[in-house]
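Here the structure is laid out as structure tokens; the discussion comes afterwards.
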Amino acid sequence: MKNDYEIVIVGAGIIGLSIAKSLSEENYNSVLVIDKAGTYGRGISSRNSEVIHSGIYYQNNTLKSKLCIEGNKKLYSFCKDYSIWNKRCGKIIIGQKHQSDIIYNLYKNAKVNNIGEVKILKKNDISNYESLIHGDIALHITSTGIVSSHEVMDRLYNISCNSQHDYLFKSTFLKAKKNLKGYKIELENYSGQIETVTSDWVINCAGLYSDLININEKEHPGIYFSKGSYFKLSSKWKNKFQHLVYPIPNEKNKSLGIHLTIDKDGFIRLGPNAYKIQNKVEDYSVDSNQKNDFYEEAKKYIKNLKVSDLEPDYSGIRPKINSANNSSSDFYIKNEENSGFPKWINLIGIESPGLTASLAIGDHVVKIIKN
């Protein structure tokens, strides 16, 4: 007797949707996507900066580097094919005098990673790119941009549905058990009833809960929640910037620092900051008392900024992989066959640049299945 599905995907964020899209292109039609929310893309995928990253920060030959750079090209192409709003606006990383070595190291990494056109800007050059930005040295990166992540997810969902994939929302994963034919998954549906579904393959891309939705509890890395809030600038700053503007990465918090991004309508947003949430509580409130901290960081590179220009906006949470030495961790994407669980693929700690890498991640997972 066959299983109910060939493949079950747990998590309908942009990663799950991208995997479903890649499966559809390889004519995998027996697919079920499960999510605890009422619809797709309600978690990490809806609470980020919507930046198309270049891959400049990531160590060569890591999954983050490879999939970000590949995903950057795939995402721009996807947007062109489906008329999805995006803007290849470029990005400036601003450094002060004591940070010139970091700028030069990022430049070298950009060349190693082959991310496209990158240029070092001297102090006098910066104002030619952004008149309201000041610094002593900077990097200009052309391949960075912004995108409507919701439009991307809408299109991915439609592609998946057109391939007769099934979606089960408001359903919570409880546990899974390996059997001779694959896996038996136990769920709690929206009315509190327990349901079971069987499949040949299970793909775990459950975002913040990816370390819990896992049959191999001993081998996988654990994650912690890193929360980041955003503040928006008043309307007088609308359309004042042409590029995304980033400070030097914050090594202490393993973040890119409080940066300036632009939305579809030209409004300006600052953030996110980054701090660990104890007990992994999914809290999306924004602490307005952080306004001064945001102001102090942003005024280092934005001219004429006033604290009254900032207002609380929204927040997001990232799943950060625990590491013994507090080093930056790579994506964890693995078929757990060597641990005794063949055809169970874990995607754990898929944080930034997950949006940029999403289409490449989808193709990468399908290659694992086909091989």
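In segment 1-78, which trypsin sites (Lys or Arg not before Pro) are in a loop and have at most 11 other Cβ atoms within 10 Å, using DSSP for the loop call?
Lys2
Compare the Cα positions of Gly43, Asn3, Gly16 along the charge dipole of segment 1-93 (+1 at Cβ of Lys, Arg; -1 at Cβ of Asp, Glu; about the Cα centre) and return the one farthest towards the positive end.
Gly43
Compute, for the chain, the length of the dipole vector about the Cα centre, with Cβ point charges of +1 (Lys, Arg) and -1 (Asp, Glu) only. Units Debye, rounded to 20.
Dipole magnitude for the chain comes out near 880 debye.
In square angstrom, what is the accessible area per residue of segment 157-246 with a 1.4 angstrom probe?
It amounts to 49 Å² per residue over segment 157-246.
In deg cm²/dmol, rounded to 500, what helix-only [θ] at 222 nm does the chain give when every DSSP H run of at least 4 residues adds -39500 (n - 2.57) and the total is split over its residues?
-8000 deg cm²/dmol
Rounded to the nearest 5, what is the percent of antiparallel bridges among the DSSP beta bridges in the chain?
Given both bridge residues lie in the chain, the antiparallel proportion sits at roughly 75 percent.
To the nearest 10 degrees, how steep is helix 14-25 against the longest Cα principal axis of the chain, on a 0 to 90 scale?
60 degrees
Which of the GluC sites (Glu not before Pro) across segment 277-312 are loop residues per DSSP, with 15 or fewer other Cβ within 10 Å?
Loop-located and lightly packed - Glu282.
Carbon and sulfur atoms: what percent of the 1.4 Å accessible area of the chain do they account for?
44 percent
Cα axis of helix 63-81 to longest principal axis of the chain: angle in degrees, 0 to 90, nearest 10?
Approximately 90 degrees, to the nearest 10.
Mind checking segment 213-277 for trypsin sites (Lys or Arg not before Pro) that DSSP puts in a loop (not H, G, I, E or B) and that have at most 10 other Cβ atoms within 10 Å?
Those satisfying the criteria are Lys218, Lys252.
Mind checking the angle between helix 100-113 and the chain's longest principal axis? C-alpha axes, 0 to 90 degrees, to the nearest 10.
Tilt relative to the chain: about 40 degrees.
The values are calculated or read from the model by the stated rules, or taken from the named source; none is laboratory data. Because the structure is a prediction, the values reported are computed rather than measured. Positions of Cβ are backbone-derived with ideal geometry, glycine not excepted, and every protein chain shown enters the neighbour counts. Areas reflect the complete protein model, heavy atoms only, side chains present, ligands, DNA and RNA absent. Shrake-Rupley method; radii C 1.70, N 1.55, O 1.52, S 1.80 Å.
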